[in-house]
1. With respect to Arg39, determine if the residue is among the charged types (D, E, K, R), closer than 13 Å to Thr98 by Cβ and open to solvent by 50 Å² or more (accessible area, probe 1.4 Å).
2. Checking Arg93 against (1) under 16 Å from the mean Cα position of the chain (by Cα); (2) in contact (Cβ under 8 Å) with a residue 60 or more places away in the chain; (3) closer than 15 Å to Ser115 by Cα, which single condition isn't satisfied?
3. Starting from segment 24-50, take each residue that is within 11 Å of Phe117 (Cα to Cα) and list its partners that are assigned to a strand (DSSP E or B) and polar (S, T, N, Q), counting only C-beta distances under 7 angstrom and pairs at least six apart or across chains.
4. If we keep just the residues of segment 142-157 that are more than 17 Å from the chain's Cα centre (by Cα) and under 22 Å from Pro48 (Cβ atoms), which is least open to solvent (accessible area, probe 1.4 Å)?
5. Kindly check whether there is at least one residue in segment 151-160 that is in contact (Cβ under 8 Å) with a residue 40 or more places away in the chain and small (Gly, Ala, Ser).
6. Six or more apart or on different chains, Cβ under 9 Å: which pairs go from a residue in segment 120-145 that's in contact (Cβ under 8 Å) with a residue 12 or more places away in the chain to one that's open to solvent by 70 Å² or more (accessible area, probe 1.4 Å) and not small (Gly, Ala, Ser)? Could you list them?
7. Count, please, the residues in segment 50-74 that happen to be under 20 Å from Glu154 (Cβ atoms), surrounded by 14 or more Cβ atoms within 10 Å (Cβ to Cβ) and either among the polar types (S, T, N, Q) or over 15 Å from the mean Cα position of the chain (by Cα) (or both).
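The values are calculated or read from the model by the stated rules, or taken from the named source; none is laboratory data. Computed from a predicted model, the values in this text were never measured in an experiment. When we count neighbours, we look across all protein chains shown, and the Cβ atoms used for this are built from the backbone with ideal geometry, even at glycine. Ligands, DNA and RNA are stripped out before the accessible areas are found, and what is left, the full protein with its side chains, is counted by its heavy atoms. Shrake-Rupley method; radii C 1.70, N 1.55, O 1.52, S 1.80 Å.
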Amino acid sequence: MQTKKTDRTYSLADKEGDAYWFVGALLQLKAGGADTDGRFALLDQTMPPDYAVPRHIHINEDEAWYLLEGSMTFFCGEHVIKASKYGWIFAPRGIPHTFKVGSEGARALTFAFPSSFADFVAEMGEPAPQLTVPPPAPVDPHRLAEVAHRYGIEIVGPPPD
């Protein structure tokens, strides 16, 4: 059950928080800049099988994932990291990275320090009408690059095969 206090203490249960369909995945905001004074963002991300994102660099943010379900392969700089349930992955700012989800799909907590990634998700995504992965749809690569750039994210390559 969602609770908020005047001192910014709050809680959200599973399935609570603003939800977005974002570039083929479902992302639920658990903590954003308004909640953390911009210090970090936390999103609960559900991704379909074989989901992948373009290789990119966060200029201003560190990014991390804690895998709750499924498996993912991360490509961070020269490192290839295979992660499964309860795995933790950290990608420092300035390092090109991407990932690909395994054949069963995946669910991960996505952290960003500071919090502007959550604002990028809200602008690039659309409010999710239901808490499911969105139906497959093409992503406009020019709009993605333009919006990402506004949030200090540079697209530097295609998704992994």
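1. Working: among the charged types (D, E, K, R): yes; closer than 13 Å to Thr98 by Cβ: no; open to solvent by 50 Å² or more (accessible area, probe 1.4 Å): yes.
No.
2. Here Arg93 meets the rest and fails (2).
3. Pairs found: Leu43/Gln28; Leu43/Thr110.
4. The extreme case among them is Gly157.
5. yes
6. Phe120/Arg150; Ala122/Asp18; Glu123/Arg150; Met124/Arg143; Pro127/Asp18; Ala128/Asp18; Leu131/Lys15; Pro134/Glu126
7. Kept after step one, since they are under 20 Å from Glu154 (Cβ atoms), are these residues of segment 50-74: 52-65, 74.
From what is left, the residues that are surrounded by 14 or more Cβ atoms within 10 Å (Cβ to Cβ) are 52-58, 60-65, 74.
Restricting the remaining residues to those that are either among the polar types (S, T, N, Q) or over 15 Å from the mean Cα position of the chain (by Cα) (or both) gives 60.
Number satisfying all stated conditions: 1.
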